[in-house]
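Coordinate-derived values only; no laboratory data. These figures come from a predicted structure and were not determined experimentally. Please note: Cβ atoms are built from the backbone with ideal geometry, for glycine as well, and neighbour counts cover all protein chains shown.
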Amino acid sequence: MKEVFTMWRHTQMVVLVALSAAIYAAVLIPFKGFVLVPGFTELRPANVFPFVFGLLFGPAGAWGAAIGNLIGDFFGTLGIGSIAGFIGNFFLGLLPYKLWGAFFRRGENMEQNVNSGKKLAVYIAVSVLASAVCAMWIAWGNDVLGFVPFAALASIITVNNAIAGIVLGPILLLLLYPRVKRWGLLWTDIMRPEEVSAPRFKAVGNALAWIGGLGGLIFGLALGLGLYSQGFAAAGFASGGAGSLGIGLGLIPFLLLVIIASFMLGGRDQVEAAEAEEDRVV
């Protein structure tokens, strides 16, 4: 995870944070009127950007997603729940580049594009997991604060994120990757291997991310749907369902698994692969 901090040494990465945040916020704000949960979330096609910027810009994309979402909150949804939104969107941009390298062997082409069947499949899988983790953080935080029941917010955010990422993301990547690569703005071309965490037990970290992300989401939804005596269709969605001690405490182990996985899934192998490819071309 050290690249999340060492990236601030590079002026280009700082500029990419500002660019990612500005684009994300600029597309979020016009859709604030298309409300799904009043005061908390709305229709968000802009959610494609954390996936794409996370892959292309690495930690700069993660910071940009978090900051851009916070800027967007100033236009209708700002509150203490925005802290959970900041964290959730940070992971929405962080996990795509963290998980990307876990699906490729050393020496295999790791370029952050979807120009092959395998890479498209990896992108879709990563998008689903990142969507679930983002939703889990935001829904858990707002449930603990007593604002919105976990099941309502988590299901809406997961679907909202995943649809935007899966439908729009491949198109954007195919259009942007060659240009970003040509301009030398890929995070793997800017940062040096010693500035980036090395992957440790990559397969284990990948497994922990999936257990923590999808496992936590499923566990939270099951707990919410079974905890409130409102019937299956309404359970966890009606007002008054938030603030459950079971969800507040029960999801902590899953959130910790995601954090642990993020430390285990370094990105140094991707930077080294980019350097090796550059040397080969030269």
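Listing for the model above:
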| read-out | value |
| --- | --- |
| S127, S116, S197 arranged by Cβ crowding within 10 Å, fewest neighbours leading | S116, S197, S127 |
| Cα long-axis angle, helix 11-28 against the chain (0 to 90 degrees, to the nearest 10) | 40 |
| For the chain, convex hull of alpha carbons as volume per residue, Å³ | 117 |
| Exposed-site-free run, longest, the chain (rule: trypsin sites (Lys or Arg not before Pro); DSSP loop; at most 11 other C-beta within 10 Å) | 1-104 |
| Rounded tilt (10° steps) of 268-281 against the dominant C-alpha axis of the chain | 30 |
| Extension reserve of the A198-V14 stretch, reckoned as 0.36 nm per residue once the Cα distance is removed | 64.0 nm |
| Violating pairs (Cα-Cα greater than 21 angstrom) within the set K118/K202; K2/K181; K181/K202 | K2/K181; K181/K202 |
| Cβ-derived FRET efficiency at R0 45 Å, I252 paired with N109, nearest 0.05 | 0.75 |
| 14 Å beta-carbon shell around Y123, net charge (K/R +1, D/E -1) | +2 |
| On Cα atoms only, tilt of 150-182 relative to the major axis of the chain in degrees | 20 |
| Histogram of C-alpha separations across segment 90-192, 5 Å bin width, % | 2, 12, 19, 21, 17, 11, 8, 6, 3, 0 |
| Average Cα contact separation per residue, segment 3-281, under 8 Å, 6 or more apart, as relative contact order % | 22 |
